[in-house]
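S.K.: The structure's right below; bear with me while I get my questions together.
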Amino acid sequence: MSEEKVGNLKPNQENVNVTVRVLETSEPRTIQTKNGPRTISEAVVGDETGRVKLTLWGNLAGKVKDGMVVKIENAWTSVYKGKVQLNAGSRSKINEADDGEVPPADQIPTNEPEAPYVPQRRSYGRRNYSKGFGGRRREFEEEEE
């Protein structure tokens, strides 16, 4: 099983395995999603290559504490505001790891993996509608001449 380094994380990866130090944590809270209410907590985790925001979903919410070194298996990445984020949920595993595997918190760089900007292309049928509307408008303009 290969492990990623935080600094090498890319958008929309699956089956991500990392060993990281927990730098900050938040209390679990409930959020509304399209699938109904979900419990999450957030943490900032890092290794010698950088740091990343980790969202813990469901039963994993609140599982990590500041200062812990953990091995996260079967996580996935997403993008929020141009930054890659790590997620762990029902199919992920989190186990405490040897403290020596990751540098101390004060030696973890502050850089975060960034997502290359990709313009969102969402048509939802609008593109065809606007083309059709533009075509009709030209017809009206021709009639006015």
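The values are calculated or read from the model by the stated rules, or taken from the named source; none is laboratory data. Given the structure is predicted, the values throughout are model-derived calculations rather than measurements. Glycine also receives a Cβ, built like all others from the backbone with ideal geometry; neighbour counts cover every protein chain displayed.
S.K.: May I ask you to verify whether Pro103 is over 15 Å from Asn12 (Cα atoms) and not polar (S, T, N, Q)? Before the answer, list the steps.
M.R.: On the way: over 15 Å from Asn12 (Cα atoms): yes; not polar (S, T, N, Q): yes.
When the stated conditions are applied, Pro103 passes them.
S.K.: Say we look at region 57-86 and pick out the residues that are aliphatic (A, V, I, L, M) and touching a Pro at 6+ places or on another chain (Cβ under 8 Å); which of these is surrounded by the fewest Cβ atoms within 10 Å (Cβ to Cβ)?
M.R.: Restricting attention to region 57-86, the residues satisfying the condition of being aliphatic (A, V, I, L, M) are 60-61, 64, 68-70, 72, 75, 79, 84, 86.
Next cut, touching a Pro at 6+ places or on another chain (Cβ under 8 Å) only: 61, 79, 84.
Numbers: Ala61: 21, Val79: 16, Val84: 23.
Ranking the qualifying residues of region 57-86, first place goes to Val79.
S.K.: Here is a further query. Of all residues in region 33-43, which are surrounded by fewer than 18 Cβ atoms within 10 Å (Cβ to Cβ) and out of contact with any helix residue (DSSP H, G or I) (no Cβ under 7 Å at 6 or more places or on another chain)?
M.R.: The initial filter retains those residues of region 33-43 that are surrounded by fewer than 18 Cβ atoms within 10 Å (Cβ to Cβ), namely 33-39, 42.
Once the filter is applied, which keeps residues that are surrounded by fewer than 18 Cβ atoms within 10 Å (Cβ to Cβ) and out of contact with any helix residue (DSSP H, G or I) (no Cβ under 7 Å at 6 or more places or on another chain), region 33-43 yields Thr33, Lys34, Asn35, Gly36, Pro37, Glu42.
S.K.: Of the residues Asn15, Asn35, which is over 17 Å from the mean Cα position of the chain (by Cα), polar (S, T, N, Q) and more than 16 Å from Lys83 (Cβ to Cβ)?
M.R.: Working: Asn15 fails: over 17 Å from the mean Cα position of the chain (by Cα).
Just one listed residue meets the conditions, Asn35.
S.K.: Have a look at Gly46, Gly89 and point out the one that is surrounded by 14 or more Cβ atoms within 10 Å (Cβ to Cβ), closer than 18 Å to Pro109 by Cβ and not hydrophobic (A, V, I, L, M, F, W, C). Steps first, answer last, please.
M.R.: Values: Gly89 fails: closer than 18 Å to Pro109 by Cβ.
Result: Gly46 is the single residue among Gly46, Gly89 that is surrounded by 14 or more Cβ atoms within 10 Å (Cβ to Cβ), closer than 18 Å to Pro109 by Cβ and not hydrophobic (A, V, I, L, M, F, W, C).
S.K.: Is it fair to say Lys81 is of a type in the set (Lys, Arg), at pLDDT below 95 and either touching an Asp or Glu at 6+ places or on another chain (Cβ under 6 Å) or more than 16 Å from Thr55 (Cβ to Cβ) (or both)?
M.R.: no
S.K.: Where residues in region 91-108 are in contact with a Lys or Arg (Cβ under 7 Å, 6 or more places away or on another chain) and not polar (S, T, N, Q), which of them is nearest to Gly46 (Cα to Cα)?
M.R.: Applying the first criterion (in contact with a Lys or Arg (Cβ under 7 Å, 6 or more places away or on another chain)) to region 91-108 yields 94-95, 97, 102, 105, 108.
Then drop every residue that is not not polar (S, T, N, Q), which leaves 94, 97, 102, 105, 108.
Numbers: Ile94: 15, Ala97: 14, Val102: 8, Ala105: 8, Ile108: 6 Å.
The extreme case among them is Ile108.
S.K.: Determine which member of the set Arg51, Arg21, Arg29 is over 16 Å from Ile94 (Cα atoms), buried (at least 21 other Cβ atoms within 10 Å of the Cβ) and of a type outside the set (A, V, I, L, M).
M.R.: Numbers: Arg21 fails: over 16 Å from Ile94 (Cα atoms); Arg29 fails: buried (at least 21 other Cβ atoms within 10 Å of the Cβ).
When all the criteria are applied, what remains is Arg51.
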